[in-house]
1. Collect the residues in the range 1-18 that are in contact with a helix residue (DSSP H, G or I) (Cβ under 9 Å, 6 or more places away or on another chain), farther than 20 Å from L49 by Cα and open to solvent by 90 Å² or more (accessible area, probe 1.4 Å), keeping them in residue-number order.
2. Any chance the range 44-52 includes a residue that's modelled with pLDDT of 90 or more and either of a type in the set (S, T, Y) or touching a strand residue (DSSP E or B) at 6+ places or on another chain (Cβ under 7 Å) (or both)?
3. If I ask for residues that are without any contact (Cβ under 8 Å) to a residue 12 or more places away in the chain, part of a helix (DSSP H, G or I) and within 10 Å of the chain's Cα centre (by Cα), which ones from the range 13-48 would you list?
Amino acid sequence: MMSDNESVIAAIEEAQRLLTVYDQATSRKNQEDLIAMLQFILCDPSVSLAVRRLKSRSRLSLVESSRRYAG
């Protein structure tokens, strides 16, 4: 099982790879296929959950940091 960081990084890398492959996609069908594949990768429930958890941890870290400096 991948960590949240690994899940998000893998999804971003795959999206970047697809964008590179389809960079020359000029037909409407190819563009629709690309969008569908990107949506499949980036909207995967495990990736969405990983993003939410990472954002939550980031906010918690900011709150804890601000408390240390305020006190």
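1. Within the range 1-18, no residue meets the criteria.
2. Residues of the range 44-52 modelled with pLDDT of 90 or more: 44-52.
With either of a type in the set (S, T, Y) or touching a strand residue (DSSP E or B) at 6+ places or on another chain (Cβ under 7 Å) (or both) added as a condition, the list becomes 46, 48.
For the range 44-52, residues modelled with pLDDT of 90 or more and either of a type in the set (S, T, Y) or touching a strand residue (DSSP E or B) at 6+ places or on another chain (Cβ under 7 Å) (or both): present.
3. Listed by number, the residues that qualify are E13, S48.
The values are calculated or read from the model by the stated rules, or taken from the named source; none is laboratory data. Keep in mind it's a predicted model, so treat the numbers as computed, not measured. Cβ sites come from the backbone with ideal geometry, for glycine too, and all protein chains shown count toward neighbours. Surface areas here come from the heavy atoms of the whole protein model, side chains and all, with no ligands, DNA or RNA. Shrake-Rupley method; radii C 1.70, N 1.55, O 1.52, S 1.80 Å.
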